[in-house]
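Beneath this line is the structure, given in structure tokens, with notes to follow.
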Amino acid sequence: MNGVRAPYAADPARSRGRRHPEPGPNNRSEYQRDRDRIVHSAAFRRLEYKTQVFVNHEGDMFRTRLTHSLEVAQIARTVARTLGLDEDLTEAIALAHDLGHTPFGHAGQDALNECMQVYGGFEHNLQSLRVVDELEEKYAAFNGLNLTFEAREGILKHCAVKVARTLGDVGERFIAGTFPGAEAQLANLADEIAYNNHDVDDGLRAGLINIDQLREAGLFREQHDLVTGAWPKLAVRRVVHETVRRMIDVQIKDLVATSRAEFEALGPADIDAVRAAGHACVHFSADMRERTLELKRFLRGRLYKHERVDRMTTDARHKVRILFTTFMADPGLLPADHRLRTREAEARLGDAGRARMVADYVAGMTDRYAIAEFERINDS
Ligand code: MG
């Protein structure tokens, strides 16, 4: 039933709390406050100028990390309301899930990870947590946004056990092999639904894939048949949108029905029972899972590895590598406040401290700032 809180929903009145104790909020719940802090963060604003698949300056019509995150939040909230989960927490996790992404999408992250191999690596999920725990500088009494445990748990989607041991409470589940709350599970799937479908739309718009190719994927083909059957003379852009919106709809319907049946069978008394269930409670049916994987395989082969995307990727890797190695070799080139922080980290942790500060600086860049910094370095 809509609007009725499920017993296993995250309860803002029973949060495991914040790392730095604060007085409770006045006119909003703890999770609303988390969501609002994310929206007001500098890292959130920078998502506007970061690549999702296409580099930000390639065109104004494509998704950026910001519009992607808004689409994830929209899908996640709809399902949260239907399943009686906490909408505000779901939205907070969805809006924050990509805060740790480097410029230039996955190409940037791969390059930075290679540069950071000897210093503990670089992983965007971990970096998203680092942004909300450490890197935002807004509050007098603490670093970061001081979010609730439940939001932090959702933001840290993946984590190696070795790293988890260094993270305290939020790393425990990776060691124990338990799950996060349902809101976190949902935000994760909403991310998948959003990018699988909007990448179809963006890929077609960019002319990198075409409808005939896309019909290899059953999820697209079935909805495309329905749309063109009902409106044989519809203009192509409308056919694409009508098809993609139906694809999103069938995935959401499947997710809601499967998850609802899962909750009914398990009957979790509270969020801890969801965490301890031994398997995810929010998921697709086996059939829909297979169909989404088929679409993913299609996008990987035909879009993400397309030679035009690939050229952009090679160029992006090169820029990120040069930015990292240049600042690593000469931290004097960093902006003054970051230079100071780097000196402090180096005094505490040596080269690894310096490398982490340089990685934070590079990861925080927008696409266009990274390009400008790259050009500045090359000119000096
Ligand atoms: Mg995402």
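The values are calculated or read from the model by the stated rules, or taken from the named source; none is laboratory data. In this text the structure is predicted, and so the values were computed from the model without any measurement. In this analysis, Cβ positions are derived from the backbone assuming ideal geometry, glycine residues included, and neighbour counts consider all displayed protein chains. Ligands, DNA and RNA are excluded from the accessible area calculation, which covers all protein heavy atoms including side chains. Shrake-Rupley method; radii C 1.70, N 1.55, O 1.52, S 1.80 Å.
The figures follow:
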{"item": "Distant-in-sequence amide H partners of GLN52 (H built 1.01 Å from N, under 5 Å)", "result": "ARG65"}
{"item": "In Hz, Karplus ³J(HN,Hα) per residue of segment 9-23 (6.51, -1.76, 1.60; θ = phi - 60°; x = Gly, Pro)", "result": "5, 4, 10, x, 7, 10, 5, 6, x, 10, 5, 10, x, 9, x"}
{"item": "At most 14 other Cβ within 10 Å, DSSP loop - trypsin sites (Lys or Arg not before Pro), segment 171-238", "result": "ARG215, LYS233"}
{"item": "Tally of Lys pairs whose C-alpha atoms are under 26 Å apart, taken over the chain, 8 or more apart or cross-chain", "result": "12"}
{"item": "Neighbour net charge for LEU186 - beta-carbon separation under 15 angstrom, K R +1, D E -1", "result": "-4"}
{"item": "Nonlocal amide H pairs with HIS283, under 5 Å, H built at 1.01 Å", "result": "SER259"}
{"item": "Carbon + sulfur, % of accessible area of segment 134-269 - ligands and nucleic acids excluded, 1.4 Å", "result": "53 percent"}
